[in-house]
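A short reminder: the numbers here are calculations on the coordinates, not readings from a lab. Quantities reported herein were computed from a predicted structural model and do not represent experimental measurements. In this analysis, Cβ positions are derived from the backbone assuming ideal geometry, glycine residues included, and neighbour counts consider all displayed protein chains.
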Amino acid sequence: MAAPAKVPALLDLTIDNITPNTNRINSQCQDQRLKYLMSRLVTHLHDFARETRLSSDEWMAALNFLVGCGQISNDVRHEFILLSDILGLSLLVDSINHPKPPSSTEGSVLGPFHTHDAPTLPNGSKMASDPEGEPLLCICTVKDTAGRPVAGVKIDIWETDSSGHYDVQHSNREEPSERCVMVSDSEGRFWFTGIKPVSYPIPHDGPVGKLLERLGRHPWRPAHLHFMFEKENWDHLITALYMRGDPYETSDAVFGVKKSLIVDLDKVDAATAKEYDFTEGGHLLKHDFVLTTKEETEKLRDENAVKALAELGLRMKLVDHLPVPELD
């Protein structure tokens, strides 16, 4: 029989001391970061229950809500990502972990419909197969903060079809559509043909949709194109470009829109049409993406963390760029 563990003795449990007791029993954790995360989670959850005088019925409704999120999730639908998105948590976490200097491209939300089966296509390819969509020529560059081209960047690109659905939302999906992977050339360029993005609602037939309805919120997202940039030693960038003037530009259900990411569509002139083998007068999107190095981002992230923690009056140190309590 195993020897009894040396655990802190629990005190007579009350509304007031349940929090320190829970943190005391969790304090045996050898992982300092996990111990800190659990301490703050328990503290804030308990304070929330005390502050709101949380009822048993409300508590059970919340637990059943989370069960419902799990039950409706599958390989192509992640209800917990939707929940994180509509609570503003996804954007907050990305902003904390991937801070951007003013000269670089800001991040946005990943969303629940990115896949890992998009085909890698050469520059100039057509990534959309929807015949109802309005063709859109996209001409882009990838540069560093000094304006130098960055070659060899892997770029994931995805969008909805003209009906406002991603390919994985169609039950008869046989292959990827309205998505691809490209690689920036020696001059940091990549270009492709997609379709003009349209507004669409996030899936709202599940628990998250019911929550939005109870909150008096709509489920709509403004028209946009997703982009994700990856290259060794460069900060991982997840972002999107939003079409200016969309009716949901200022009320995105998942808080993804930032002013710097709102773009205008132009018309393809004769010279551009000839150069890129595209229809003159068609839709044109031109954009320069600016990446930061991993070192630049980590330095800024650390600076922001130290400043924020000091303002909160917390005595902390950074381990692998993450705060843990500073012990005497």
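Go through segment 50-73 residue by residue and tally those that are within 30 Å of the chain's Cα centre (by Cα) and assigned to a loop (DSSP other than H, G, I, E, B).
Counting residues in segment 50-73 that are within 30 Å of the chain's Cα centre (by Cα) and assigned to a loop (DSSP other than H, G, I, E, B) gives 1.
In segment 145-199, what residues are of a type outside the set (Gly, Ala, Ser), surrounded by fewer than 17 Cβ atoms within 10 Å (Cβ to Cβ) and within 21 Å of residue 294 (Cβ to Cβ)?
145, 148, 149, 154, 183
Scan segment 25-39 for residues that are over 17 Å from residue 8 (Cα atoms) and exposed (fewer than 13 other Cβ atoms within 10 Å of the Cβ) and jot them down.
Narrowing segment 25-39 to residues over 17 Å from residue 8 (Cα atoms): 31-34, 36-37.
Hits for segment 25-39 are 31, 34.
Look at residue 285 and say whether it is touching a residue at least 24 places away in the same chain (Cβ under 8 Å), hydrophobic (A, V, I, L, M, F, W, C), in contact with a Phe, Trp or Tyr (Cβ under 6 Å, 6 or more places away or on another chain) and surrounded by 12 or more Cβ atoms within 10 Å (Cβ to Cβ).
no
Tally up the residues in segment 142-166 that are farther than 27 Å from residue 201 by Cβ and among the hydroxyl-bearing types (Ser, Thr, Tyr), please.
Of the residues in that region, 1 qualify.
Report, by residue number, each residue of segment 2-48 that is touching a helix residue (DSSP H, G or I) at 6+ places or on another chain (Cβ under 8 Å), assigned to a helix (DSSP H, G or I) and of a type in the set (A, V, I, L, M, F, W, C).
Of everything in segment 2-48, those that are touching a helix residue (DSSP H, G or I) at 6+ places or on another chain (Cβ under 8 Å), assigned to a helix (DSSP H, G or I) and of a type in the set (A, V, I, L, M, F, W, C) turn out to be 18, 38, 42.
Determine, yes or no, whether residue 81 is within 30 Å of residue 175 (Cα to Cα) and either part of a helix (DSSP H, G or I) or touching an Asp or Glu at 6+ places or on another chain (Cβ under 7 Å) (or both).
Taking the combined requirement at face value, the residue satisfies it.
Of everything in segment 134-172, what is within 24 Å of the chain's Cα centre (by Cα), within 17 Å of residue 241 (Cα to Cα), not in a loop (DSSP other than H, G, I, E, B) and not hydroxyl-bearing (Ser, Thr, Tyr)? Give them in sequence order.
Matches in segment 134-172: 138, 139, 140, 142, 143, 155, 156, 157, 158.
Suppose we keep only residues that are touching a helix residue (DSSP H, G or I) at 6+ places or on another chain (Cβ under 8 Å) and of a type in the set (Ser, Thr, Tyr) within segment 72-118. Which one would you say is nearest to residue 143 (Cα to Cα)?
So, considering only residues that are touching a helix residue (DSSP H, G or I) at 6+ places or on another chain (Cβ under 8 Å) and of a type in the set (Ser, Thr, Tyr), the one nearest to residue 143 (Cα to Cα) is 105.
Specify which of the listed residues (99, 135) is in contact with a Lys or Arg (Cβ under 8 Å, 6 or more places away or on another chain) and crowded, with 20+ Cβ neighbours inside 10 Å.
None of the other options fit; the residue is 99.
Return the residues of segment 114-123 that are part of a loop (DSSP other than H, G, I, E, B) and either more than 11 Å from the chain's Cα centre (by Cα) or free of Cβ contacts under 8 Å to residues at least 40 places away in the same chain (or both); say none if nothing qualifies. Outline the logic, then answer.
Quick first cut of segment 114-123, residues part of a loop (DSSP other than H, G, I, E, B) only: 114-119, 121-123.
Matches in segment 114-123: 115, 116, 117, 118, 119, 121, 122, 123.
Among the residues of segment 184-231, write down those that are in contact (Cβ under 8 Å) with a residue 60 or more places away in the chain, in a loop (DSSP other than H, G, I, E, B) and of a type in the set (D, E, K, R).
Within segment 184-231, 185, 196, 217, 231 qualify.
Within segment 49-71, work out how many residues are within 30 Å of residue 326 (Cβ to Cβ) and either surrounded by 14 or more Cβ atoms within 10 Å (Cβ to Cβ) or out of contact with any helix residue (DSSP H, G or I) (no Cβ under 9 Å at 6 or more places or on another chain) (or both).
Here the count works out to 2.
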